Amino acid sequence: MAPADDWVVRTAGLVRAEGERRNPGETPTCASGISPSGPVHLGNLRELMVPHLVADEVRREGAPCRHILSWDDYDRFRRVPAGFGEEFAEYVGRPLSSVPDPCGEHESWAEHFKEPLRESLDRLGVQVTEISQTEMYTGGAYTAQIVTAMRRRADIDAVLGRYRTRRAADPDPDPDDDEPRPGAYYPFRPYCAACGRDDTTVTGFDDETTEITYTCACGVREGPTPIAHVAGKLVWKVDWPMRWAYEQVTFEPAGVDHSTPGSSFTVGAELVSEIFGGEAPLHFAYSFVGTTGSAKMSSSRGGAPTPADALEILEAPLVRWLYARRRPEQSITLAFDAEVGRVYDEWDALTRRVAEGNADPAAQAIFARASGPAEGPLPVTPRPLPFRTLASVADITAGDQAQILRIVRDLTADDPVDDLDEVRPRLDCAQAWVAGYVAPEDRTQVREHPDPVRLAALTDEERGALKLLIDGMAADWSLDGLTTLLYGVPKLQRGLPISAPPTPELKAAQREWFILLYQLLIAKDTGPRLPTLLLALGQDRVRFLLGG
Ligand SMILES: [Zn+2]
Ligand SMILES: [Zn+2]
């Protein structure tokens with residue numbers, strides 16, 4: 001049972017109660033909105049994960065809950081994102097669903113950016129009901145609401161005006177509204193019938209006949225035409241509350257930038273009841289998502305990392321966990337650098353605590369949410385070896401599958417892994433991480449040949465240490481055996497038993513000894529853990545490089 005101060009449980013309870021109060025007997029709705037104007041990054045994933053966790057909690061409690069993903073694909077194409085050719089500049093001002101696909105395999109620009117997010121949501125177990133705003137607007141779903149908004153334009157303008165005068169600089173500008181249009185206020189922006197762009201100015205609207213007239217920067221003068229036959233959309237600050245009423249949204253969070261005083265949520269909350277006869281959804285702001293070390297080594301593609309990038313190096317439950325373990329007001333940082341090893345270690349420790357029944361109720365609730373949605377847990381790696389170990393193995397072997405299997409067998413000598421599928425998908429994540437995010441100078445390059453200069457300069461003590469290792473390693477060629485031997489060599493040289501406790505002097509001697517091995521094996525002073533490195537190299541190669 002999750003603690004009462006758990007924000008997911010609390011919000012799920014509110015969603016059920018509010019849903020029942022507003023629309024008795026109907027399924028409550030949690031909502032997310034995404035603009036497919038460019039790559040959907042990990043910050044946008046929070047827009048989906050927060051409502052997902054709440055809707056999922058309602059379902060866990062045995063009640064139905066709808067989670068809608070509203071694709072803002074009828075928004076104007078505002079600018080060509082970095083990394084895309086200037087040939088797209090001519091489409092600025094058209095709906096995202098009318099801009100050509102940059103790769104040639106999708107129906108449109110919007111579809112091109114929807115697909116990777118859709119795939120990631122599927123892998124994360126996030127089930128949504130997709131709603132295309134292009135389909136809704138062009139299919140006439142909102143015609144009555146548009147007519148209402150146009151007839152009530154003076155009231156809408158008055159509400160907006162109160163916030164305009166209160167704040168000189170709009171903290172949350174309308175994405176449809178790069179600059180205010182001159183003339184009377186109209187909350188509807190036509191897409192020009194001739195050029196398809198929204199460089200239009202409404203010049204009149206007949207409240208009786210619902211006929212609209214407009215001009216366009218391209219020179220066209222259109223109308224009077226019934227507004228039902230005119231392409232276009234409500235401006236964002238009116239569009240959002242209209243959809244709250246239309247979809248009976250019970251809960252919709254938003255990024256902090258949409259939640260400041262005078263922002264679209266505050267304005268929308270007034271408009272939804274005054275104009276559209278609905279109620280504002282339950283709402284709170286969620287904080288930012290940052291990343292560390294996300295610059296990919298092997299790719300020239302810039303830009304913020306996407307959920308697909310995260311899923312390449314993190315098992316799906318870990319991605320869910322990184323979002324589920326923070327309260328909405330806390331920011332989230334996703335690591336793509338060496339920290340990723342620590343994240344896996346923490347997750348493995350939590351998994352063990354839960355399995356042993358030692359996790360506190362809060363941790364247990366978060367673990368359950370991370371493991372998968374209400375429908376059931378997501379697939380896991382059957383034999384979850386430590387990520388850092390798998391990353392070292394991937395690094396040392398440069399991805400050679402036969403070598404990896406040999407090493408993984410040696411690493412699990414007590415109960416050997418006999419098929420690499422037992423360590424997948426974690427192994428694939430480790431390989432992708434090493435290939436994508438470890439700098440070339442940090443990669444391990446095993447020497448092709450022994451280092452004659454260093455071997456010729458060995459002291460008697462160093463030569464003795466190498467002999468102890470070479471003569472002793474075959475006796476227990478396993479992770480544990482090699483660990484004991486490697487730490488034990490300086491002890492044996494001092495006439496101490498191999499189990500002698502460490503002293504400062506011994507520790508210093510061990511450090512020197514390990515540096516010698518790294519230099520002889522990989523021509524560096526540090527590297528992957530030595531027992532793993534030795535297992536990876538195999539006895540013949542170790543003997544060859546150590547001059548034995
Ligand atoms: Zn495409
Ligand atoms: Zn035009």
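The values are calculated or read from the model by the stated rules, or taken from the named source; none is laboratory data. Please read these numbers as outputs of a predicted model, since none were measured by experiment. Cβ atoms come from the backbone with ideal geometry, glycine included; neighbour counts cover every protein chain shown. The accessibility values were calculated without ligands, DNA or RNA, using every heavy atom of the protein model including side chains. Shrake-Rupley method; radii C 1.70, N 1.55, O 1.52, S 1.80 Å.
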Exercise. Considering the stretch 460-514 alone, what residues qualify as being of a type in the set (D, E, K, R), touching a Leu at 6+ places or on another chain (Cβ under 8 Å) and under 18 Å from ASP540 (Cα atoms)?
Worked result: ASP476
Exercise. With respect to GLN145, is the statement that it is assigned to a loop (DSSP other than H, G, I, E, B), polar (S, T, N, Q) and more than 16 Å from ligand 2 (Cβ to nearest atom) true?
Worked result: no
Problem set entry | Pair list, Cβ < 9 Å and 6+ apart or interchain, from the stretch 190-201 residues that are among the basic types (Lys, Arg) to residues that are within 9 Å of ligand 2 (Cβ to nearest atom) | ARG197/GLY93; ARG197/TYR191; ARG197/CYS216; ARG197/ALA217; ARG197/CYS218
Exercise. Of all residues in the stretch 94-103 being within 17 Å of THR138 (Cβ to Cβ) and not basic (Lys, Arg), which is farthest from ligand 1 (Cβ to nearest atom)?
Worked result: PRO95
Exercise. In the stretch 77-98, which residue that is within 16 Å of ligand 2 (Cβ to nearest atom) and open to solvent by less than 20 Å² (accessible area, probe 1.4 Å) is nearest to the chain's Cα centre (by Cα)?
Worked result: PHE77
For this session: May I ask you to say which residue of HIS67, HIS52 is under 21 Å from THR250 (Cα atoms), under 23 Å from the mean Cα position of the chain (by Cα) and in a strand (DSSP E or B)?
Result: HIS67
Problem set entry | the stretch 5-39, residues that are over 20 Å from ARG325 (Cβ atoms) and basic (Lys, Arg) | ARG16, ARG21, ARG22
Exercise. Within the set of pairs 6 or more residues apart or between chains, which connect a residue that is over 15 Å from ARG76 (Cα atoms) inside the stretch 103-115 to a residue that is surrounded by 15 or more Cβ atoms within 10 Å (Cβ to Cβ) and among the aromatic types (Phe, Trp, Tyr) with Cβ atoms less than 7 Å apart?
Worked result: LYS114/TRP71
Seminar exercise, completed: Reported set for the stretch 116-141 where residues are in contact (Cβ under 8 Å) with a residue 24 or more places away in the chain and farther than 24 Å from LEU234 by Cα is PRO116, LEU117, GLU119, SER120, LEU121, ARG123, LEU124, GLY125, VAL126, GLN127, VAL128
Seminar exercise, completed: Of (1) modelled with pLDDT of 95 or more; (2) over 40 Å from the mean Cα position of the chain (by Cα), GLY223 fails just (1)
Exercise. When you look at ARG301, is it closer than 26 Å to LEU390 by Cα and either modelled with pLDDT under 90 or assigned to a helix (DSSP H, G or I) (or both), yes or no?
Worked result: no
Problem set entry | Filter pass, ALA475 being within 30 Å of GLU315 (Cα to Cα) and among the aliphatic types (A, V, I, L, M) | no
For this session: Kindly list the number of the only condition in (1) surrounded by 19 or more Cβ atoms within 10 Å (Cβ to Cβ); (2) part of a strand (DSSP E or B) that fails for THR134.
Result: (2)
